[in-house]
Amino acid sequence: MTVSAMPSLLSDAGLSRYIQEIQKFPFLTAEQELSMARQYRDYGDLRAAHSLVTSHLRLVLRVALSYRGYGLPMADLIAEGNMGLMKAVKKFDPERGFRLSTYALWWVKATIQEFILKSWSLVKIGTTASQKKLFFNLRKLKNKMRMFDDTALSPDQAKSIATTLEVSVDDVHQMNARLSGTDHSLNVTVFDDDGQQAIDKLADTQDNHDVTYAQREEADLRGQRLKLAMNTLKDREQAIFSARYLQDPPQTLEVLSQTYAISRERVRQIEKQAFDKVKAWMLTTGSAA
């Protein structure tokens, strides 16, 4: 069986048509998403993977639009975001209890941010976590201060930003100078025919308050049950289970093998034992609670 190709955006001029194309793909219910994620994970079903990816293309577009102020083509930002989405689908574990959109959001943002940092020839200092945070949050903080132009920051403003982001004042001034060089308005009009922005054309995919509340209650309940299940594990099992399943990104087998002075295969065995114990508790004692 063949899988139809995903819509592609070759240039920013085709953005309007691209948006129309991706809106043809339906959203998946939680049950549909869970079923398709299992189909792809267990059987390598490419049709299921295709549905998981295409149903989240609008998520990628929204994220890409939020980074359009860095002067890079939207077509490139969307392409990078789609790559992050496909990585997320490949690594997604449907048994963890959360939706793909929650997991994919991290991958999409990370992929786009890495692309932006590599593309900005002037920003060579954006390599550490604090510098990346400064690079991607300086504009937001300036907007909150109602600083919408490229003027230099006052000493008080620079100090306030440095304190908020936990970086030096010199780093703030240097980054502001770099960003001011090619700054673009975040309110740029994408659609020439009616003056609207691309983000205005997207449907609101958020659930209503009742659904959101129910989902939050369900998530809290699952969290409580997971804590009870983990209490049945031995200390090392609990630590490895947390490192492998509750951290994002998960800790690698190599790091854990060095931490506990055991082989990678032994870590994998302990991980599986812990997972089986938690799963068994959740399916028996937990379901009866």
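Data overview
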item: Of all residues in the stretch 233-261 being in contact with a Lys or Arg (Cβ under 8 Å, 6 or more places away or on another chain) and not in a loop (DSSP other than H, G, I, E, B), the one that is modelled with the lowest pLDDT; result: TYR245
item: Residues located in the stretch 230-253, provided they are within 25 Å of the chain's Cα centre (by Cα) and not aliphatic (A, V, I, L, M); result: PHE241, SER242, ARG244, TYR245, GLN247, ASP248, PRO249, PRO250, GLN251, THR252
item: Conditions (1) surrounded by fewer than 20 Cβ atoms within 10 Å (Cβ to Cβ); (2) at pLDDT 90 or above; (3) not hydroxyl-bearing (Ser, Thr, Tyr); number of the one not met by LYS132; result: (2)
item: Any hit, the stretch 86-100, residues being among the small types (Gly, Ala, Ser) and touching a Phe, Trp or Tyr at 6+ places or on another chain (Cβ under 6 Å); result: yes
item: Filter result for THR285 (modelled with pLDDT under 70 and either over 25 Å from ALA88 (Cα atoms) or in a helix (DSSP H, G or I) (or both)); result: yes
item: Residue match in the stretch 46-61 (condition: of a type in the set (Val, Ile, Thr), more than 18 Å from the chain's Cα centre (by Cα) and closer than 22 Å to ALA5 by Cβ); result: no
item: Output for the stretch 17-44, where each listed residue is surrounded by fewer than 17 Cβ atoms within 10 Å (Cβ to Cβ) and outside any helix (DSSP H, G or I); result: GLN23, LYS24, PRO26, PHE27, THR29, GLY44
item: Check on ALA64, at pLDDT below 95, surrounded by fewer than 18 Cβ atoms within 10 Å (Cβ to Cβ) and in contact with a helix residue (DSSP H, G or I) (Cβ under 7 Å, 6 or more places away or on another chain); result: no
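The values are calculated or read from the model by the stated rules, or taken from the named source; none is laboratory data. As the structure is a computational prediction, the values presented were derived from the model and not from experiment. Every residue, glycine as well, gets a Cβ built from its backbone with ideal geometry; the counts of neighbours run over all protein chains shown.
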